[in-house]
Structure formats: C-alpha cells, structure tokens
Amino acid sequence: MPELLDHLRQQLAALDEHSLRRRRRIVESPQGPELTLDGRRYLSFCSNDYLGLANHPRVCEALQAGVARYGAGAGASALISGHSRAAEQLEQRLAQFTGLPRALYFATGYMANLGIIPALAGPGDVVFSDRLNHACLIDGTRLSGAKLRIYPHTDLDRLEKLLRQSRSGRRWIITDAVFSMDGDLAPLPRLARLCEQYDAWLLVDDAHGFGVLGPQGRGSLAHFGLQSRRIVYMATLGKAAGVAGAFVAGEPLFIEWLLQRARTYVFTTAAPPALAGALLAALDLIEQEDWRRQHLQRLIARLHAACASLPWRLLPSQSAVQALLVGDNQRALDLMTGLQQRGIWVPAIRPPTVPRGTARLRVSLSAAHGLEQVDQLGDALRELA
C-alpha cells in the first residue's frame, strides 16, 4: 500500500510539473451565460448548453411534471422494469426528428459509444478512426477487440489507402461529426461515399452538431442532406438539448441488435423517466425556435472579428465550439487565469485531451449569450495580449 501511494504521489507531482493537473470548481447556480463558481459570479464560456435550454422554463416544468408522474428513479434496467412511457415516446420522437427509422435512448453519450461499438464490431473486424475522435469512440473500439486503424485528422486520401489495404472482416469508419476540441466538421458525404465504395459502415457521433446544425437543428446528417442505410447515427442530449443522455438511430435491425447486445444499455439502470419528459420539451424548442441557431451564428461571427488581431489563432469553425490555439500548457493556464481575474470563465484545454503542443482556450458559445458579452471577452483577450 505505501508503495502504491508513493507512486500515485509521484504521478500527481509529474502532472503538476507539466501544468496538466485538472481541478474541479464548485458551481452554485443554474447553467447559463453567467455562472457562480466558488462563490464568485463569472461570465461563462465553458458550457456545452449551446442553445440555452438547460434552464429553460418549459424544460424545467416538464422535468417537474415528470417527477410528479414517475418519481425520481427508473427502478431497474430498461429491459427489466425501467422502460417508461416517456422513454418510449422520446425514442419515437428522436427517430422522427432525425428522419431515421428507429432510435434507442442511452443514459449518457460515453455509455452509448462504449455499448454500440463492441456490439457491432468484434475480433476480425477493422475500425478506421479519425485521430481526433473523442475518447469514448477510442475506448469503445478497444473494448470491441476489432483491429484499430487511425488515419490523420480528416485525411480521406490516407483513409482510402487503408481501406484498400484491408482484406478481411467487416469495416467500420468511426468519426465525430463536429470535433469537440477544434469545432470543425467531418467530411461526412465523402466518408459515406467511401463506405459505399469499400463495403464499409459509418458510425457518426454528432454530440456537438445535434440541435445546432441542419434545418431545425436536426444535426450534421441533415446539414449535409445525407441519407444512407450504411450510417449508424449517435448524438448526445446533454449539450444542445440541455438535459442528459444520448441516443443511437438507424436501421431497425441495428437498433434491435443494440437493444439485445449493447452491454451499457442492457446492464445498467435506465435514466430517470422525468429526464425523457424534459427532453421531449427540449426537442420542441429545438425544432420551433430557429432564432437560437441564427443568433448563435451571429455570436460566432462576432467572436471571429474580435479575435482577428490576437497573437493566438482562432481555429475555423461554424459550430458553437471555438478553439483559441495557444500552444504551451502553462501559457494557456495563464491566459485562463487572466480572464478569470477579469470575471470571465473560459477553460484551458491541455494534453491528453488535445495533442501535445496544442493547448488552447475552448470557447463554448450559447444562444443565451448576448453580443455584448462576446465583445467583453474580446476586449479582455486583447488586453491580455
């Protein structure tokens, strides 16, 4: 035991030495453009609540109504006693909203991908993964036992070469639709064409595109006008939808198989039914209130104009994720601290979340922000520069 504790102490010291230790802050307010953290009020650019729905009155009222009807918990796995009427309605609504035949509701996005990939791919199969894919896609592939082939970020020439070299098993291309730390979009139409050409299947994780991109916020597939029976579509419900959970949608046979074999669905207590009721209200708002996405695009344009003269590069992105590339870990932390001293909260993102040498500030914009708040961030960044 003492030897293990000494080892952990040394590892934590190494994290400190390289400015890599993470620390939690205590939040004492609802999610919104302003947060109370550790007792102080901050202008917040750190939340994935992209449409400003996490504290919307209609969503909160639906959540309260769900608790009144169903109570606080689901009781058991969805296959035992936990599949509520609200969850069934949510799955049907998600399938209709995305234009896909059937959907399956998971408790979290990470659990969804850890269940989906091992259920669909296994030893003898090959998974082709973008280098900047989220950790849950990487971990799901490792659990599957399939061969993992990583291609450089959005380098489809390299991906095609790897596909040509593949000789056995089923082929899966796995990608984020919007990359969580850069904010750029995967070339989904070209990926779908490669799947057709090389008899592969495509798993799309649209965590950061669902609700934000496409007509009425229907996601990245709708943004590109993309339809294919070879696509398995996954998205989260704790970001633009403002609540919690995730879902996978696609061909009915895929979804039925996942219901039977996705271990993170079968062997876990279902999400509380009240959350499904809140999500139904959130979906109505996503579909009906286009002004939220229009305002978000104005905020993005305003931020890019404000950052044009900075010594740090704002990566190109039409999503709510805006990455200001700093490079050095400590320099990114210093910049975060400088903003914090000015009452603005923007997280510094460092390895291993991003590649070494690419530490950055990750600015998360929300439709709840005002243009003047983006201006306030821009003024503070110029002052620090």
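The values are calculated or read from the model by the stated rules, or taken from the named source; none is laboratory data. Here the structure is a predicted model, which is why all the values come from computation and not from measurement. Quick reminder, even Gly has a Cβ in these numbers, built from the backbone with ideal geometry, and neighbours come from all protein chains shown.
Could you tell me how many of the residues in region 305-349 are without any contact (Cβ under 8 Å) to a residue 60 or more places away in the chain, crowded, with 18+ Cβ neighbours inside 10 Å and not small (Gly, Ala, Ser)?
Qualifying residue count, region 305-349: 6.
Picking from 139, 130, which residue would you name as being in contact (Cβ under 8 Å) with a residue 12 or more places away in the chain, buried (at least 19 other Cβ atoms within 10 Å of the Cβ) and charged (D, E, K, R)?
On inspection, the qualifying residue turns out to be 130.
Out of everything in region 1-28 that is without any contact (Cβ under 8 Å) to a residue 12 or more places away in the chain, of a type outside the set (Asp, Glu) and part of a loop (DSSP other than H, G, I, E, B), what residue ends up being farthest from residue 285 (Cα to Cα)?
Only one residue fits best here, namely 1.
Please find, within region 265-275, the residue that is surrounded by the fewest Cβ atoms within 10 Å (Cβ to Cβ) out of those that are touching a strand residue (DSSP E or B) at 6+ places or on another chain (Cβ under 7 Å) and in a helix (DSSP H, G or I).
266
With the requirement that a residue be farther than 20 Å from residue 283 by Cβ and free of Cβ contacts under 8 Å to residues at least 12 places away in the same chain, what does region 72-127 give you?
80, 81 - these are the residues of region 72-127 that are farther than 20 Å from residue 283 by Cβ and free of Cβ contacts under 8 Å to residues at least 12 places away in the same chain.
If I filter region 345-375 down to residues being part of a loop (DSSP other than H, G, I, E, B) and among the polar types (S, T, N, Q), which single residue comes out as nearest to residue 321 (Cα to Cα)?
My answer is 366.
Quick grid of which residues meet (1) assigned by TED's automatic domain parsing to the domain that holds residue 354; (2) part of a helix (DSSP H, G or I); (3) charged (D, E, K, R); (4) closer than 23 Å to residue 109 by Cβ:
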residue	(1), (2), (3), (4)
133	no, no, no, yes
157	no, yes, yes, no
163	no, yes, no, no
172	no, no, no, yes
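Pick out the one residue from 44, 84 that is hydroxyl-bearing (Ser, Thr, Tyr) and not assigned by TED's automatic domain parsing to the domain that holds residue 272.
44
Considering each of 373, 340, 297 in turn, give the residue that is closer than 20 Å to residue 48 by Cβ and within 20 Å of the chain's Cα centre (by Cα).
297
Got at least one residue in region 100-108 being in a helix (DSSP H, G or I) and more than 18 Å from residue 243 (Cβ to Cβ)?
No: region 100-108 contains no residue that is in a helix (DSSP H, G or I) and more than 18 Å from residue 243 (Cβ to Cβ).
Test residue 171 against the criterion of being surrounded by fewer than 16 Cβ atoms within 10 Å (Cβ to Cβ), over 20 Å from the mean Cα position of the chain (by Cα) and modelled with pLDDT of 95 or more, and give yes or no.
Criteria not met by residue 171.
What's the number of the condition residue 364 fails, among (1) out of contact with any Ser or Thr (no Cβ under 9 Å at 6 or more places or on another chain); (2) not assigned by TED's automatic domain parsing to the domain that holds residue 135?
(1)
Go through region 33-59 and report how many residues are surrounded by 17 or more Cβ atoms within 10 Å (Cβ to Cβ) and assigned to a loop (DSSP other than H, G, I, E, B).
Residues in region 33-59 being surrounded by 17 or more Cβ atoms within 10 Å (Cβ to Cβ) and assigned to a loop (DSSP other than H, G, I, E, B): 12 in total.
Would you pick out the residues in region 204-241 that are farther than 17 Å from residue 95 by Cβ and in contact (Cβ under 8 Å) with a residue 12 or more places away in the chain?
Hits for region 204-241 are 205, 207, 208, 209, 212, 213, 223, 224, 230, 238, 239, 240.
If I ask for residues that are under 19 Å from residue 247 (Cβ atoms), more than 14 Å from the chain's Cα centre (by Cα) and outside any strand (DSSP E or B), which ones from region 174-207 would you list?
Matches in region 174-207: 188 only.
Taking residue 110 and the conditions (1) touching a strand residue (DSSP E or B) at 6+ places or on another chain (Cβ under 7 Å); (2) closer than 30 Å to residue 333 by Cβ, which numbered condition does it fall short on, given that it satisfies the others?
The number of the failed condition is (1).
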